[in-house]
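The values are calculated or read from the model by the stated rules, or taken from the named source; none is laboratory data. The structure presented is a predicted model; accordingly, all values stated were derived computationally and were not measured. All Cβ positions, glycine included, derive from the backbone under ideal geometry; neighbour counts span all protein chains shown. Areas reflect the complete protein model, heavy atoms only, side chains present, ligands, DNA and RNA absent. Shrake-Rupley method; radii C 1.70, N 1.55, O 1.52, S 1.80 Å.
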Amino acid sequence: ILSALRTAATSAMAAKYLAPKGADTMAVIGNGAQSEFQAIAFKAILGINRLRLYDIDPAATAKCMNNLAPLGFHITACGSAEAAVEGAQIITTVTADKHYATVLTDNMVGQGVHINGVGGDCPGKTELHKDILLRADIFVEYPPQTRIEGEIQQLAPDHPVTELWQVMTGKAQGRRDAKQITLFDSVGFATEDFSALRYV
């Protein structure tokens, strides 16, 4: 539970600096337990109240909807990942597939979207097609670890990324304009665990 809480809290904190202003709709692809924590954190921090859900297992989507419905979300169950991203200003991928599977293709991501790439971290992680990464401004917590386990392992070792702390302290810019695609390549990092443990 602590891992789920700190992962979702970090995602929402990153989106506070990177998501489009006034965003109210999030697509969540992968509807396991972590998706519920993500939705709650985004509602608390950004006011997200519309969810578009998709999972290859319809039972997972139904369970997620049932658990989140009492919290005041407007929820749409979608029949595909393509349908889920329609009209969403934020796209969160929370899948666990670690076999070089692509969840988001380039044509699914329009201008101005914020992507929250949360799925299972490991060598071979490819939830996002490489072309999306080349179009996006990428933000990470700790580049050496993310280059091994995150989405950016698909790119050259020197591909530019921005560390999230730099944005939070004003040393680097987050979202610049309405057309920019931002990506938070979320890879669990020890400071998240330390902060959560210290709080508890």
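Counting only Cα atoms, the size of the chain along its three principal axes is 42, 41, 34 Å, in decreasing order.
Extension gain, residue 179 to residue 71: 0.36 nm times the residue separation minus the Cα-Cα distance gives 35.8 nm. Over all pairs of different C-alpha atoms, segment 56-98 has a mean inverse distance whose reciprocal, the Kirkwood radius, equals 11.7 Å. What the Kirkwood sum gives for segment 1-62 is a hydrodynamic radius of 11.9 Å, with every pair of different alpha carbons counted.
Length available on full extension from residue 101 to residue 13: 0.36 nm per residue minus the Cα-Cα distance, which gives 29.0 nm. Taking Cα centre as origin and charging only the Cβ of basic (Lys, Arg, +1) and acidic (Asp, Glu, -1) residues, the dipole magnitude of segment 17-108 rounds to 280 debye.
Here residue 131 and residue 49 are evaluated by their C-beta separation; at R0 = 25 Å the FRET efficiency comes out at 0.20. Using the 1.4 Å probe convention, the accessible area of the chain works out to 48 Å² per residue with neighbouring protein chains retained. Protein heavy-atom surface of the chain, 1.4 angstrom probe: 56% of the accessible area is carbon and sulfur, with nucleic acids and ligands not counted. Each principal axis of the Cα cloud of segment 155-200 was evaluated for its coordinate range; sorted largest first, these ranges are 39, 25, 18 Å.
Per-residue Karplus couplings for segment 140-154, computed as 6.51 cos²θ - 1.76 cosθ + 1.60 with θ equal to phi - 60°, are listed in order as 9, 8, 9, x, x, 6, 5, 5, 8, 10, x, 4, 6, 5, 6 Hz, Gly and Pro entered as x.
Extending 7 Å from Cα along the Cβ direction at residue 155 and again at residue 199 yields two label points whose distance is 2.8 nm.
Note on segment 35-147: the C-alpha convex hull projects to 7.3 nm² when averaged across all orientations.
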